[in-house]
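S.K.: Below is the structure I would like to discuss, written out as structure tokens.
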Amino acid sequence: MNPILQAIEKRQSLRNFGGPLVTDEEREAILHAALRAPTAGNMMMYSIVQIRSKETLKTLAETCDHQPFIGKASFGLLFLADLQKWHDYFCSVGLEKDFTAKELEPKASDLYLGLNDAIIAAQTAVIAAESLGVGSCYIGDIVENKEIHQEMFSLPRWVFPAAFLVFGKAPEGASRPMTPRFDEKYVVFDESYQVLEADDFSEMFARYTEKEKAWGLSFGEKLFKRKMVSDFAMEMDRSVRAYVSEWMGEEE
């Protein structure tokens, strides 16, 4: 297995940043790799905010659903879908005389492409970091608390948080079992989408059978209650809707 595939294979989320600090050289190499990521039309419809302030990381540890390990990271990278700079550029070259203000506004499709660009860059940073012995963790809760995070990072209308990553190193000798993934047959389909049936789900989630006995409920019920209708899930939904409404110029 080549080194790139090895890095992908062994990578898992790191939340214990008890090892040495990430060096400036390592951080810069991670950023350089992110900027070489594939991008739609070579437009790089994203921006990256690097967060090295411990105070900011500690604040994010609270605003991102109270996760203290965020505050112990060496640094964070906030990847933003960014059409604001393109809108401003188009205006700066005089397009306002040929197009209406509405025509110059970024569209829903631009948001989609910007999110793609930003997330591709984020994952490129993850693999680059792993190859350097630097661990990482995605923080999905960055899309919660829109008003707080928007003010914290001075985000204008057409800038949308796509991904937030924290980076650091594990203590020497630290290890944990690899997290399993679903069998390929439930994820990779030939030529067209395949709807899964009840028997497929029974096999797909078979590894949770013994745990379900202890829980007294199915894995599906447990996951749904924890991930889909919890307080943080409701706040995430509210906040994302508010971001999209603002982007599209709609009332919340």
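Computed from the coordinates by the stated procedures, all read-outs in this text should not be read as laboratory data. For clarity, every value in this text was computed on a predicted model and none was experimentally measured. All Cβ positions, even for glycine, are placed from backbone atoms using ideal geometry, and neighbour counts span all protein chains on display.
S.K.: Hey, which of these cross-link pairs are over 26 Å Cα-Cα: LYS72/LYS211; LYS54/LYS146; LYS146/LYS169?
M.R.: Going by Cα-Cα distance, LYS72/LYS211; LYS146/LYS169 fall outside the 26 Å limit.
S.K.: Could you tell me which label, among [x] 27, 21, 18; [y] 44, 26, 15; [z] 33, 25, 20, carries the value of semi-axes √(5λ) of the Cα gyration tensor in Å calculated for this structure?
M.R.: Given [x] 27, 21, 18; [y] 44, 26, 15; [z] 33, 25, 20, the calculated one carries the label [z].
S.K.: What's the percent breakdown of Cα-Cα distances in the range 157-198 across 10 Å bins, shortest bin first?
M.R.: Spelled out per bin, shortest first, that is 16, 23, 24, 29, 8.
S.K.: Related question: Quick one: net charge around GLU144, please, counting Lys, Arg +1 and Asp, Glu -1 for every other residue with C-beta under 13 Å from its C-beta.
M.R.: Charge balance near GLU144 sits at -4.
S.K.: Related question: Just the Cα atoms of the range 45-143: what Rg and Dmax do they give in Å?
M.R.: Every Cα atom of the range 45-143 included, Rg and Dmax give 17.1, 52 Å.
S.K.: Moving on to the next point. Can you put SER92, SER13 in order of Cβ neighbours within 10 angstrom, beginning with the fewest?
M.R.: Ascending Cβ contact count within 10 Å gives the list SER92, SER13.
S.K.: In what sequence do LYS169, LYS97, LYS85, LYS58 fall when counting other Cβ within 10 Å, fewest first?
M.R.: Listing LYS169, LYS97, LYS85, LYS58 from fewest to most nearby Cβ atoms yields LYS97, LYS58, LYS85, LYS169.
S.K.: Moving on. On full extension of the chain, what length is gained from ASP200 through LEU21, given 0.36 nm per residue of separation minus the C-alpha to C-alpha distance?
M.R.: 60.0 nm
S.K.: Same structure again: With a 10 Å cut-off between alpha carbons and a GNM built on the chain, which of LEU104, LEU83, LEU217 moves the most?
M.R.: Highest fluctuation among the options: LEU217.
S.K.: Compute a Gaussian network model of the chain, connecting alpha carbons closer than 10 Å, and tell me which residue from ARG15, ARG157, ARG181 fluctuates the most.
M.R.: The residue that fluctuates most here is ARG181.
S.K.: Exposure proxy check: LYS54, LYS102 ranked by fewest other beta carbons within 10 Å?
M.R.: LYS102, LYS54
S.K.: Pick from ALA73, ALA242, ALA81: which residue has the top mean-square fluctuation in a GNM of the chain where Cα pairs under 10 Å get a spring?
M.R.: ALA242
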